[in-house]
Amino acid sequence: MLPDFTIGPRRESAEAIAIWSDSGDANRSPRRATPLRVPLVQLANGVLRTPPRHGTDRPLLSITARVIDGPPSPADRLSAERLLATRGWETSALIERAAAARRELIRQRVGGNWWHDGELPAQGGTIAVLAAEAASPAQRRAMLAAALAENRADEIVVLAAGRRQGADRAAAVALPGAASAGVTVVAQPIDPWRVVERARRVYSAGGETGFLALLAGRETHCFGDACYSGWGVTIDAPGVPQKPFGRSIDEICAAACLLATRCRDPYRNIAARFEDVLALLADWRRIDEANRRIAVLVGMSFWKRRRVADFFCSSGGPPAFRRNARAALALAGRRPGSAVAVWASRVPDGLAEGAAQRQIPLIRVEDGFVRSVGLGSDFMPAASLVLDHQGMHYDPRVTSDLERLLRETEFGPELTRRAAKLIDRLVARGITKYNLGPAATPLELPTGRRRILVPGQVEDDLSVMLGGDGVRSNRDLLARVRAAAPDAYILYKPHPDVEAGHRRGAVPDRVAREFADAVIRGGSPAALLAEIDELHTLTSLTGFEALLRHRRVVVYGRPFYAGWGLTTDLAAADRGRRLSLEELVAGALILYPRYVDPVTRLPCPPELIIERLDDPELWRPGLLVAIRRLQGMLSRWRRAARGTGPRIRRSAPDRVP
């Protein structure tokens with residue numbers, strides 16, 4: 001976070017002594033700094049901060065100098081106040097960047113301790129806010145007197161919760177007599193943006209609430225010296241030092257947020273831009289707010305629970321796991337407004353009906369479209385999940401959250417450019433849902449014939465049962481493809497879960513070869529997609545992956561990616577809108593799923609997961625996976641012995657002479 005400073009053991013080259021403002025070094029460090037004639041810098045969290053998350057560390061996202069004592073030095077660039085007192089850094093590009101960052105900070109509402117969930121009084125209209133944080137008793141009395149002189153008492157709200165002291169004690173000592181004057185005192189910590197959005201005026205002793213109010217354009221009264229006071233943009237009480245010249249709000253934002261504040265990429269542990277960390281926190285806020293409403297998780301396999309807990313972690317504490325519908329509904333019922341999240345293929349009996357009767361929201365959960373390295377049926381943990389309040393993306397009987405998102409979202413140019421880059425990365429790195437191993441030996445396919453790939457599916461999978469449009473088996477699908485393309489060269493690739501012996505859908509080779517010219521096993525699906533002209537499928541996600549590689553996709557069922565004008569649809573209804581490939585990817589891979597970084601266990605964007613997939617050490621199977629794979633091998637042996645499935649092959653995929 002400080003790459004422009006020399007940090008090392010040589011005291012004679014020191015530019016400053018830096019301490020963390022709340023650390024135990026506060027007493028010792030001045031004695032070190034004085035003989036060296038260098039300033040003492042008290043570092044603290046910047047305006048961008050991580051919410052508390054149960055079971056995970058809170059990574060440091062930004063730092064700035066709260067106080068610098070001592071002579072001028074290069075460390076002055078960590079102090080907004082010292083920067084603002086100098087000239088020459090205010091380029092037009094920097095000020096325009098600050099204005100854009102300020103607008104985005106206000107829009108996303110992520111500065112300060114945004115995760116607090118205290119409540120403001122219910123009266124309507126704007127309010128006058130007295131932020132008692134970091135204020136002395138004399139400043140509190142002056143702030144209250146000024147607020148009462150300029151506003152009705154019933155319009156004034158005092159934020160009394162201190163940074164260190166308990167909320168009840170803070171309310172008692174913050175402003176004696178405030179409540180008796182008719183002023184509302186809020187004792188609990190509260191999201192500062194709830195305050196700023198309702199505030200007409202904010203009275204501050206120089207704390208962060210006043211800074212956020214100023215950035216949001218609220219009338220800000222200062223009763224103490226701060227980096228943002230005295231520049232002509234605040235209304236300052238007598239005794240607040242005035243600066244030698246004026247500054248605009250955007251200049252103050254540029255100094256405080258873009259120059260003096262240093263930010264960190266928590267995934268890669270490198271310096272980052274303020275705007276990038278702001279965007280990251282905006283995603284975290286949306287996830288945190290959604291997770292706080294989920295009281296209980298049900299239908300989650302025991303081996304998934306640790307990873308699933310990471311997806312549902314929030315500043316409000318972790319949701320509980322329950323085994324059955326009655327226990328889940330009882331717990332959710334004790335928290336009004338809370339929801340139950342359930343694994344979509346493991347919904348306990350009575351859960352949907354009970355939730356509807358009690359008006360408890362039910363959220364269905366499934367694996368995401370870029371899942372992991374290895375099979376879920378092999379107990380490999382997922383890197384992405386999708387959550388749906390309406391049903392699930394593979395159930396055409398309901399309008400899923402994904403379908404609504406794709407139908408209603410206005411995809412802007414920035415989002416579609418991001419989606420285009422994501423497509424390029426996925427294709428270049430050969431990423432698919434399961435990412436199963438290296439490419440197979442190149443196929444020797446005939447020339448002059450259409451090459452069609454038919455991916456097998458799990459026959460008892462809900463996507464087949466609900467979205468198959470009458471096609472229920474892999475054999476039936478192969479027959480239909482051959483009837484539709486009698487002269488084509490057809491390749492059939494069984495589903496990896498079926499091949500592993502965990503799920504239904506096996507087609508004996510002799511049966512498959514009645515319709516297919518070759519049966520392909522092993523290797524990367526991405527490599528195979530590069531060899532074909534078309535893909536014919538029921539509902540397989542491989543069809544979506546073929547679209548990314550600009551292959552023609554013929555759909556016999558009703559998957560989420562059909563009906564938008566990108567596929568040849570034999571069954572899917574028109575969605576009422578045409579999408580570009582970039583818009584489909586933006587919805588399906590960026591906006592709809594959630595991703596969790598396997599290294600930090602923090603929510604992350606899909607681009608980071610693609611990076612992590614390059615590191616095989618992160619996806620090394622454990623003992624549970626090995627046991628599960630052995631179980632699948634035994635299942636395949638039993639099936640082969642009964643003659644009900646394909647024989648086990650250890651060789652490379654079929655090659656055409």
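The values are calculated or read from the model by the stated rules, or taken from the named source; none is laboratory data. None of these values were measured; they are calculated from a predicted model. Don't worry about glycine lacking a Cβ; one is built from the backbone with ideal geometry, like all the others, and counts go over all protein chains shown.
The residues of region 475-508 that are more than 23 Å from residue 366 (Cα to Cα) and assigned to a helix (DSSP H, G or I), listed by number, are 475, 476, 477, 478, 479, 480, 481, 482, 483, 484. Residue 67 meets all of the listed conditions (1) in contact with a Ser or Thr (Cβ under 9 Å, 6 or more places away or on another chain); (2) touching a residue at least 60 places away in the same chain (Cβ under 8 Å); (3) of a type in the set (A, V, I, L, M) but one, namely (2).
Listed here are the residues, each with its yes/no results for (1) out of contact with any Lys or Arg (no Cβ under 9 Å at 6 or more places or on another chain); (2) assigned to a loop (DSSP other than H, G, I, E, B).
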| residue | (1), (2) |
| --- | --- |
| 510 | yes, no |
| 521 | no, yes |
| 545 | no, no |
| 575 | no, yes |
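The set of residues in region 265-278 that are in contact (Cβ under 8 Å) with a residue 12 or more places away in the chain, surrounded by fewer than 19 Cβ atoms within 10 Å (Cβ to Cβ) and out of contact with any Cys (no Cβ under 8 Å at 6 or more places or on another chain) comprises 265, 275. One residue stands out in region 83-95 among those that are part of a helix (DSSP H, G or I) and touching a residue at least 40 places away in the same chain (Cβ under 8 Å): the one that is nearest to residue 241 (Cα to Cα), namely 84. Residue by residue through region 577-613, note down the ones that are more than 14 Å from the chain's Cα centre (by Cα) and part of a loop (DSSP other than H, G, I, E, B). Within region 577-613, 577, 578, 579, 580, 599, 613 qualify. Being among the polar types (S, T, N, Q), modelled with pLDDT under 85 and not in a loop (DSSP other than H, G, I, E, B) is a property that holds for residue 34. Taking residue 311 as the residue in question, decide whether it is closer than 28 Å to residue 46 by Cβ, among the hydrophobic types (A, V, I, L, M, F, W, C) and modelled with pLDDT of 95 or more. Taking the combined requirement at face value, the residue does not satisfy it. Being exposed (fewer than 15 other Cβ atoms within 10 Å of the Cβ), modelled with pLDDT of 85 or more and at positive phi is true of residue 88.
The residue that is farthest from the chain's Cα centre (by Cα), among those in region 199-225 that are assigned to a loop (DSSP other than H, G, I, E, B) and buried (at least 24 other Cβ atoms within 10 Å of the Cβ), is 223.
Kindly indicate whether residue 356 is in a helix (DSSP H, G or I) and surrounded by 21 or more Cβ atoms within 10 Å (Cβ to Cβ). Criteria not met by residue 356. Residues of region 218-247 that are more than 21 Å from residue 134 (Cα to Cα) and in contact (Cβ under 8 Å) with a residue 60 or more places away in the chain: 243, 244, 247.
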